[in-house]
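Down below is the structure, laid out as structure tokens.
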Amino acid sequence: MMALLATSPSIVTDDRYPYERGYFTYLWRWSRLLSRTDWPGALWAKEDVVSIAQEQASALLGPPPWLPRALFEPGRDGTPISRRCFELAWRELSFRAVERARSGSGDAPTPRYYAEKHGNTWLVDTRELPPLKLIVLLRDPRDTYASIQAFEDKEPSTSFGVRYAWRGSDRLGGIIHRQRRRLRWIARLLEAGRVPVVRYEELTGDLPGVVRRMEEHLQVKLAPEALRADELEARHGSSPAEGSGRWRLELDPDTAERFTRELRPELQAVGLDV
């Protein structure tokens with residue numbers, strides 16, 4: 001999906017596969033530090049903000065480690081300083097993104113969107129965010145797990161964030177728990193019908209149909225002919241079409257059975273085979 005969105009001159013993305021650099025997420029969280037009122041006292045205290053020279057020893061930064069913060073209080077209109085700082089930073093990033101997009105061609109259209117991957121969206125109150133358009137991807141979690149295993153075998157340093165999906169030693173149990181929450185969220189989205197949910201099988205088996213949906217949803221033109229199947233296959237270790245149902249061949253029976261047993265209601269709710 002990210003590669004498809006990147007084919008539009010109206011959409012700015014991180015152009016480095018696998019599109020893991022989240023500029024929006026980073027700037028949003030960075031700005032929110034200014035309004036956050038909790039911090040780990042053992043790691044961050046007023047003594048860490050006594051000299052600019054301290055940045056030479058540590059690149060990490062936390063919220064202002066004191067309360068109250070009279071000079072950081074909301075202005076007359078009630079806008080938090082964190083929101084104002086995000087808006088200023090995002091305006092500057094947008095200016096630079098447009099400038100970069102036009103550097104290759106003077107008549108290039110002005111980008112309208114920035115797109116990035118985002119995990120655990122069901123945990124975020126999107127009403128707090130600037131206006132955005134969600135595109136939710138649905139893949140059989142058993143295929144997802146098989147893909148994760150294959151990719152980690154190929155790129156051991158890559159985890160796609162799954163190291164944060166569990167606590168303790170039961171990695172599989174943590175991943176199943178996360179998938180349960182995600183599938184329930186997607187089932188609610190499907191029922192409401194306001195957010196496009198794109199299935200893996202649609203991307204691999206009906207790309208023209210997906211293109212039409214995304215063009216209508218975003219009001220942009222995409223160029224799917226720019227996608228190269230051989231490059232996608234080289235990156236993922238299999239062709240996109242082979243990614244559907246791969247769990248039946250690649251997962252050991254006990255793992256596959258555990259996924260199906262523990263996620264049966266959620267799989268059925270989103271129309272996946274059990």
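So the values come out like this:
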{"item": "At most 11 other Cβ within 10 Å, DSSP loop - trypsin sites (Lys or Arg not before Pro), the stretch 1-108", "result": "ARG16, ARG76"}
{"item": "Protein-only accessible surface order, largest first, of TRP66, TRP39, TRP247, TRP90 at 1.4 Å", "result": "TRP66, TRP39, TRP90, TRP247"}
{"item": "Whether the stretch 1-51 is rounded, prolate or oblate, judged on the alpha carbon gyration tensor where a/c under 1.5 counts as rounded", "result": "prolate"}
{"item": "Solvent exposure of the stretch 79-124 as accessible area per residue, Å², 1.4 Å probe", "result": "67 Å²"}
{"item": "With all protein chains modelled, accessible area of THR255 [1.4 Å, Å²]", "result": "20 Å²"}
{"item": "Under the span-like rule (Cα at least 27 Å along the axis, Kyte-Doolittle mean at least -1.0), DSSP H helices of the chain", "result": "81-103, 171-192"}
{"item": "Potential lengthening between ARG91 and GLU152 on full extension [0.36 nm per residue; Cα-Cα distance subtracted]", "result": "18.3 nm"}
{"item": "FRET E, pair GLN268, SER103, Förster distance 30 Å, beta-carbon r, rounded to 0.05", "result": "0.05"}
{"item": "Relative counts (whole %) of C-alpha pair distances in the chain, using bins that are 5 Å wide", "result": "1, 4, 9, 13, 15, 15, 14, 11, 8, 6, 3, 1, 0"}
{"item": "Label-to-label distance, nm, for residues given as ALA70 and LEU190 (7 Å Cα→Cβ offset)", "result": "5.7 nm"}
{"item": "Distant-in-sequence amide H partners of TYR114 (H built 1.01 Å from N, under 5 Å)", "result": "VAL12"}
{"item": "Sequence-separation-based contact order of the chain, relative, with Cα cut under 8 Å and 6+ spacing, percent", "result": "24 percent"}
{"item": "The stretch 11-143: mean projected area of Cα convex hull, nm²", "result": "12.7 nm²"}
{"item": "Carbon and sulfur %, accessible surface of the chain computed with the full protein complex present, 1.4 Å", "result": "52 percent"}
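The values are calculated or read from the model by the stated rules, or taken from the named source; none is laboratory data. Small disclaimer: the values here were computed from a predicted structure and weren't measured. So basically every Cβ, Gly included, is an ideal-geometry build from the backbone, and we count neighbours across all protein chains shown. Ligands, DNA and RNA are excluded from the accessible area calculation, which covers all protein heavy atoms including side chains. Shrake-Rupley method; radii C 1.70, N 1.55, O 1.52, S 1.80 Å.
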